[in-house]
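In what follows, a single structure is set out as structure tokens and then discussed.
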Amino acid sequence: MFDPETFANEAIEQIRQQIDGKTIIACSGGVDSIVATVLVSMAIGDQLLAVHVDTGFMRKNESADVVKMMENMDINHKFVDASQEFYDALKGVEEPEAKRKIIGERFIRVFEREAKIIGSKFLVQGTIAPDWIESGGELRDTIKSHHNVGALPEKMDMKLVEPLRDLYKDEVRKLGRYLGIEFAERQPFPGPGLAIRIIGEPTEEAAHIVREACAIVEEEFEKGAEEGIMELPWQYFAVLTPIKTVGVHGDVRAYGYTVAVRAVQSLDGMTAAYSKIPHEVLDKISIRITNTMKDKVNRVVYDITNKPPATIEWE
Ligand code: XMP
């Protein structure tokens, strides 16, 4: 049986022996990176700098929440708003793999800069057991090159510290609860963020639209689940398509984008079944999205495809 108290005590001891100098971690806000941040901060205090990078493709309030959490827990941190840099790098880029590659590289570049500023000697990563057990050339990687913001290459000339290396997800959550971390048990979120939920060029405006749409989908699904009219799917979000169609506002012709709502049931993301959502919930989502973004979006559709043949994300 995994005992978080024993694990934490031993890990803190080990980290103190391993680290003697400036240390950096990219705290994306995912469970693993948060738990690793808190654990290492408990071990070495302000020797650690936790950097949160806003790529411009984070969910609504996500960066603010992560920063607030680090403030509340007295963690030495830095917030880097790199959104413009990411929008610039993605100008004119439509191809999904190209987007993923550019975002991954840009992230490393931003992070490297921060490491250099403080002269960091150690790099902490929230790697957990499945990350390295599965990294033997997965089949899925030929479908999409998955990328984890925070998963940085070792070539950065810093010594790698991976305190969660032997843990599985449920153990990381247990440890997090023991450490007093208040993270919302959020659904899985892809490393490249909202950029792969924008079909076509991921501009700042598109990011704004899909961010609002995703927030509405999350809110309405969570409300529906609280009211007991549906179960919360494994993952649920919105996708901004480049399809423009004709609509009508009052008696004026409109010409706007189509947003797709996606919700799936899955165990591990490898296969998935689309969720059967009550129409009253979909109705509210459709009305809210088209009302909130009247001049931009005039059509909302629901994705009824399983994985396979589709993937969960559209890119
Ligand atoms: P797909 O779209 O391949 O996604 O069916 C399966 C699960 O993985 C998530 N996903 C990612 N996660 N980095 C990640 O950490 C990525 O690049 C990435 N792409 C997709 C997706 O949200 C789903 O939960």
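Relative contact order for the stretch 4-185: 29 percent, from Cα pairs under 8 Å spaced at least 6 residues apart, divided by residue count. Of the residues Leu49, Leu164, the one with the fewest other Cβ atoms within 10 Å heads the list, and the complete ranking is Leu49, Leu164. For the stretch 203-302, a simple Cβ point-charge model (Lys and Arg +1, Asp and Glu -1, everything else neutral) yields a dipole of about 480 debye relative to the Cα centre.
Judged by the ratio a/c of the largest to the smallest principal axis of the C-alpha gyration tensor, the stretch 42-116 counts as prolate, that ratio being 1.5 or greater while a/b is larger than b/c.
Would you mind ranking Thr258, Thr127, Thr271 by Cβ crowding within 10 Å, fewest neighbours first? Taking fewest neighbouring Cβ atoms as first place, the list is Thr271, Thr258, Thr127. Note on the chain: dipole from Cβ charges, positive end direction compared against Thr245, Ile289, Cys27; the farthest Cα belongs to Thr245. Any idea what angle helix 279-292 forms with the longest principal axis of the chain, computed on alpha-carbon atoms, 0 to 90 degrees, nearest 10? Once rounded, one gets 90 degrees. Across the cross-link table entries Lys244/Lys294; Lys223/Lys294; Lys99/Lys169, which are compared at the Cα atoms, the separations over 25 Å belong to Lys99/Lys169. To the nearest 0.05, what FRET efficiency results for Phe2 and Thr271 with a Förster distance of 30 Å applied to their C-beta separation? Plugging the Cβ-Cβ distance into 1/(1 + (r/R0)^6) gives 0.60. Taking the Cα centre of the stretch 4-185 as reference, the dipole from Cβ charges on Lys and Arg (+1) and Asp and Glu (-1) amounts to some 340 debye. Considering only Ile19, Ile277, Ile118, the mean-square fluctuation computed in a Gaussian network model of the chain, springs between alpha carbons under 10 angstrom, is largest for Ile118.
When only the Cβ of Lys, Arg, Asp and Glu is charged (+1, +1, -1, -1), the dipole of the chain relative to its Cα centre reaches about 760 debye. Modelled spin-label separation between Lys144 and Lys223, with each label point placed 7 Å from Cα along the Cα-to-Cβ direction: 2.8 nm. Using C-alpha pairs under 8 Å with a sequence gap of at least 6, the mean separation divided by the residue count of the chain gives a relative contact order of 16 percent.
Legend: calculated FRET efficiency, Arg16 to Thr292, from the Cβ-Cβ distance at R0 = 45 Å, rounded to 0.05, equals 0.35. Excluding same-chain neighbours fewer than eight residues apart, the lysines reachable from Lys78 by a Cα-Cα span under 20 Å are Lys22, Lys60, Lys68, Lys116, Lys121. Taking other C-beta atoms within 10 Å as the exposure proxy, Lys121, Lys116 rank Lys116, Lys121 from fewest upward. Partner aspartates and glutamates whose Cα lies under 16 Å from the Cα of Lys276, excluding those fewer than 8 positions away in the same chain, are identified as Glu218, Glu220, Glu222, Glu231, Asp303.
Placing unit charges on the Cβ atoms of the charged side chains and taking the dipole of the chain about its Cα centre, the candidate lying farthest along the positive direction among Ile12, Phe86, Thr311 is Phe86.
Bear in mind these aren't lab numbers, they're just calculated from the coordinates by the rules spelled out. Since the model is a prediction, treat every value here as computed from it, not as a measurement. With ideal geometry, Cβ positions are generated from the backbone for all residues, glycine too; neighbour counts draw on all protein chains shown.
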